[in-house]
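The values are calculated or read from the model by the stated rules, or taken from the named source; none is laboratory data. These numbers were taken from a predicted model, which means no experiment stands behind them. Cβ sites come from the backbone with ideal geometry, for glycine too, and all protein chains shown count toward neighbours.
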Ligand SMILES: Nc1ncnc2c1ncn2[C@@H]1O[C@H](COP(=O)(O)OP(=O)(O)OP(=O)(O)O)[C@@H](O)[C@H]1O
Ligand SMILES: [Mg+2]
């Protein structure tokens, strides 16, 4: 409890920032809620990418730089396959591809490098990143591709009676939120209730002990990378349907790094909460803080969205390096 | 137990860590069906390394068996994975317990049945709770917050869940109060008698180990320097002096004792 005040101060500052636009009357309630929802939607996507990241880190101690590249690769696969077959089949096939990819990564990268230094493994995932970025283009092409989920994109007005002008939301966003929530619930059940999930948690706790009771590490790694691959695919499909499938997806997905720093590397809850905080935070900062800065300092403005997450993560590293939900270390011998 | 067939035989193995550090310099031993065999020796003698060589957890420590061979039920096992060995009935209980700290006691036990079917798992859980009633009381607690004794019981119980025929038990007495050590060894004896589990038991606590073991090996600097029936070892003057603490002059090494004719039967 002793060094909690910097965290609390940071949290308070964020909350004040969140409340200010309303308190000062700079924004109407309706518009404010729209921005908030927009931030949450982006946040959900960050959460998904960060989730894959946290899973891999938890189970194999590997800092998987390639998570963003996996998002792009999966989205490309779905987009191009969907040109030939129905969307659901494209998603099934792409999932199979991600599982195969997990298997190859285990064989070619993880198994030979097991027990090496963390830096070696990080370098290996950097290699995987660039390979996937390039290989994805080789196989699937490098244009901008579309994924059409078949849901009307026109925004609908809701709550017109409550607010002047109502609130603009779109159905697809709503669906996305449901899918993300379902995925998280499914994963939680899988981890808590199944024998495989239990084995995964055991491996995360103590590799050697897990091996000593006959849990084969190699299988577990393939499973966890497959799950991470599937989560990447979900994020990729959603993002791709909104922005188009293109190279920049991999970069946007890198925002998962500040998210896991904020949430804690090994925490699933942390990945989700961290994603939402950063999604909302950067959107709010972009929309409301941007104009203020422009006026006050005569800046060009804009671009806050690009650095906000990293600055926040940096601040967090200073005050709470283990992240919001960093695993409590149980030291008792 | 001299009559029973050899279940496990370690034959002149050399173990090297990190490609350079030679730790075992030709260790040989036999565990017979139904036996409790003690592997004794001071810190760093190579007890844990020997157990790891058998269970194949050595690779995870960047260690390697470079000479000699290991047979279990007539099969060479140096190339098997730890999981393969667990399926064949050999489980190691690691030094320092190594419970899964964030899992509950019961979840810890269940992980031990990873290689078993659902029915076997349920039945196994009942059996473990029979031997360790205390674990049943604490089944919902996070393992990391249970006492050292409870963790040792969890570790042994977890190994039992795999339905082993042989348990490689590494320093069960470590850090436990004498009374608890006694309790644990009583359970080992019971498991040996009722569940027909054979034990290869690494211990620094020579005194208690020799009371329960039918046979013992003494390791020093990666070599077996002495072996014999448990009772005979306990009566041996040198063992008394160096390992049972009956000497006033502090610990010396067998190597310093000129009169002692070292037996190296396997070399
Ligand atoms: N992973 C490793 N890498 C390098 N050397 C090791 C490793 N593990 C053990 N050693 C060395 O091998 C020797 C034997 O160690 P081992 O752990 O087998 O001894 P031990 O008899 O079990 O000792 P203790 O009673 O302290 O547990 C020691 O000198 C130790 O330093
Ligand atoms: Mg040891």
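Filtered by the rule that a residue be within 26 Å of residue B:73 (Cβ to Cβ) and more than 7 Å from chain A (Cβ to nearest Cβ), segment B:110-147 gives B:113, B:116, B:117, B:119, B:120, B:121, B:123, B:124, B:127, B:128, B:131. Mind listing just one residue for me: the one in segment B:193-205 that is in contact (Cβ under 8 Å) with a residue 24 or more places away in the chain and more than 13 Å from the chain's Cα centre (by Cα) and, of those, surrounded by the fewest Cβ atoms within 10 Å (Cβ to Cβ)? Checking each candidate, the answer is B:196. Checking segment B:200-222 against the condition returns no match, with no residue being modelled with pLDDT under 90 and under 16 Å from residue B:37 (Cβ atoms). Going by the conditions given, is residue A:289 at negative phi, surrounded by fewer than 21 Cβ atoms within 10 Å (Cβ to Cβ) and more than 19 Å from the chain's Cα centre (by Cα)? Judged against the criteria, residue A:289 is a match. Condition check for residue A:266 on (1) on the phi < 0 side of the Ramachandran plot; (2) free of Cβ contacts under 8 Å to residues at least 40 places away in the same chain: one failure, at (2).
Test residue A:260 against the stated conditions and say whether it is crowded, with 24+ Cβ neighbours inside 10 Å and more than 25 Å from residue A:197 (Cα to Cα). Judged against the criteria, residue A:260 is not a match. On the basis of being buried (at least 21 other Cβ atoms within 10 Å of the Cβ) and touching a residue at least 60 places away in the same chain (Cβ under 8 Å), does residue A:99 make the cut? Against the criterion (buried (at least 21 other Cβ atoms within 10 Å of the Cβ) and touching a residue at least 60 places away in the same chain (Cβ under 8 Å)), residue A:99 does not qualify.
Of all residues in segment B:69-97, exactly one satisfies the criterion of being buried (at least 21 other Cβ atoms within 10 Å of the Cβ) and on the phi > 0 side of the Ramachandran plot, namely B:97.
Could you go through segment B:44-52 and let me know if any residue there is away from ligand 2 (no atom under 15 Å from the Cβ) and buried (at least 22 other Cβ atoms within 10 Å of the Cβ). Taking every residue of segment B:44-52 in turn, none turns out to be away from ligand 2 (no atom under 15 Å from the Cβ) and buried (at least 22 other Cβ atoms within 10 Å of the Cβ). The selection criterion, being within 16 Å of ligand 1 (Cβ to nearest atom), under 28 Å from residue B:83 (Cβ atoms) and within 11 Å of the chain's Cα centre (by Cα), does not hold for residue B:219. None of B:111, B:66 is touching a residue at least 40 places away in the same chain (Cβ under 8 Å), closer than 23 Å to residue A:111 by Cα and surrounded by fewer than 17 Cβ atoms within 10 Å (Cβ to Cβ) except B:66.
Looking at B:139, B:122, B:127, just one residue is closer than 22 Å to residue B:87 by Cα and either within 16 Å of ligand 1 (Cβ to nearest atom) or touching a helix residue (DSSP H, G or I) at 6+ places or on another chain (Cβ under 9 Å) (or both), and that residue is B:127.
Yes/no matrix, rows are residues, columns are (1) surrounded by fewer than 18 Cβ atoms within 10 Å (Cβ to Cβ); (2) under 30 Å from residue B:219 (Cβ atoms):
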{"site": "B:129", "(1), (2)": "yes, no"}
{"site": "B:157", "(1), (2)": "no, yes"}
{"site": "B:178", "(1), (2)": "yes, yes"}
{"site": "B:185", "(1), (2)": "no, yes"}
{"site": "B:188", "(1), (2)": "no, yes"}
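Table: residues versus (1) away from chain A (no Cβ under 14 Å); (2) within 14 Å of ligand 1 (Cβ to nearest atom).
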site	(1), (2)
B:171	no, yes
B:181	yes, no
B:191	yes, no
B:197	yes, no
B:203	yes, yes
B:210	yes, no
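Within segment A:19-33, is there a residue that is part of a helix (DSSP H, G or I), over 23 Å from residue A:172 (Cα atoms), at pLDDT 85 or above and in contact with a helix residue (DSSP H, G or I) (Cβ under 6 Å, 6 or more places away or on another chain)? No, segment A:19-33 contains no residue that is part of a helix (DSSP H, G or I), over 23 Å from residue A:172 (Cα atoms), at pLDDT 85 or above and in contact with a helix residue (DSSP H, G or I) (Cβ under 6 Å, 6 or more places away or on another chain).
Of all residues in segment B:54-87, those that are away from ligand 2 (no atom under 16 Å from the Cβ) and out of contact with any strand residue (DSSP E or B) (no Cβ under 7 Å at 6 or more places or on another chain) total 13. Checked against (1) more than 14 Å from every other protein chain (Cβ to nearest Cβ); (2) modelled with pLDDT of 95 or more; (3) within 16 Å of ligand 2 (Cβ to nearest atom), residue B:11 passes all but a single condition, namely (3).
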